[in-house]
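Trainee: Supplied in structure tokens, the structure appears directly below.
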């Protein structure tokens, strides 16, 4: 049951709804937790055009070493880190997901969709769900865009994924979770049905775009492997424990009202040989419980829509 949005709230993209007032959400087979694993397949430009707005880390300030808004040199190190994920790390992650029978949700940016057919085919072989993920990791949606520029950005991202996979994506994950006040309306108008940027709930919820239909399938940014481990300075052993504790809390609450857990992974991080064991242990812990529904993002949103849409 939505509550009243009071004066002073900063946006009106969805009704505010405290979870304790909602009808209980029941997943298939009375599962307590719906588990999705989103794997980001993204390109890191080693150079960006002049005046390109830069991602901002959760710790404050732009990423990397900069003069003004431009790097002091081509970012070969950042490029190499991300390209390692596309050359090596992704295959370790996919092998672990295969081990636990998890259908991946793969977030493709335009460059990956255009230039990495081998990776697309790896996803197709696993019946992965592909969602759109912008142009590149360093070319993000930003407030300086006109509505037309942002619309073209979104359309180009969606078209690249459709061209590469043969199916138009219905999900969107913005690079660095960035949006403008126009983004939800533009996504819905372009046929996107769920967006992962709004990490403010433990269940999907219906948003209120001007046209079309849009649901939030939120990623908790501070439990993303990049933010919690690299930016948050948590050791990989701490991440292992925190992710298992996160699941345990959701599992306990899910007995009364179903919850979602979205593991948001980057192959250049979790695909490292000294980190992959920890992902294996976390998924082993989760999948060792009864009442876990392993599904792709679109499946979870569709189920929710069928119950509470």
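The values are calculated or read from the model by the stated rules, or taken from the named source; none is laboratory data. The structure displayed is predicted, hence computed values, not measured ones. So basically every Cβ, Gly included, is an ideal-geometry build from the backbone, and we count neighbours across all protein chains shown.
Trainee: Within the bounds of the stretch 55-69, is there any residue that is at pLDDT 65 or above and surrounded by 14 or more Cβ atoms within 10 Å (Cβ to Cβ)?
Mentor: No - not one qualifying residue is present in the stretch 55-69.
Trainee: Are there any pairs with C-beta distances below 8 angstrom linking a residue in the stretch 72-86 that is closer than 13 Å to residue 47 by Cβ to a residue that is at pLDDT below 90 and surrounded by fewer than 16 Cβ atoms within 10 Å (Cβ to Cβ), with the two at least 6 apart or on different chains, and if so which?
Mentor: Close Cβ pairs (under 8 Å, with a partner that is at pLDDT below 90 and surrounded by fewer than 16 Cβ atoms within 10 Å (Cβ to Cβ)) amount to 72/65; 72/66; 74/47; 75/47; 75/64; 78/64.
Trainee: Contact list please: Cβ distance under 7 Å, first residue in the stretch 155-175 and over 21 Å from residue 117 (Cβ atoms), second residue part of a helix (DSSP H, G or I), pairs at least six apart or on different chains.
Mentor: 170/298; 172/187
Trainee: Something else: Can you tell me which residues in the stretch 124-154 are over 16 Å from residue 53 (Cβ atoms) and without any contact (Cβ under 8 Å) to a residue 60 or more places away in the chain?
Mentor: Across the stretch 124-154, the qualifying residues are 124, 125, 126, 127, 130, 147, 148, 151, 152, 154.
Trainee: Those residues that are within 24 Å of residue 181 (Cβ to Cβ) and outside any loop (DSSP other than H, G, I, E, B), I need them from the stretch 196-232; list them, please.
Mentor: 205, 206, 215, 216, 221, 222, 227
Trainee: I'd like to verify a number: residues in the stretch 240-256 that are closer than 17 Å to residue 294 by Cα and part of a loop (DSSP other than H, G, I, E, B), how many?
Mentor: Residues meeting the conditions: 2.
Trainee: Let me ask something else about it. Checking the conditions here, which among 152, 98, 109, 176 is under 22 Å from residue 44 (Cα atoms) and over 19 Å from the mean Cα position of the chain (by Cα)?
Mentor: Every option except 152 fails the conditions.
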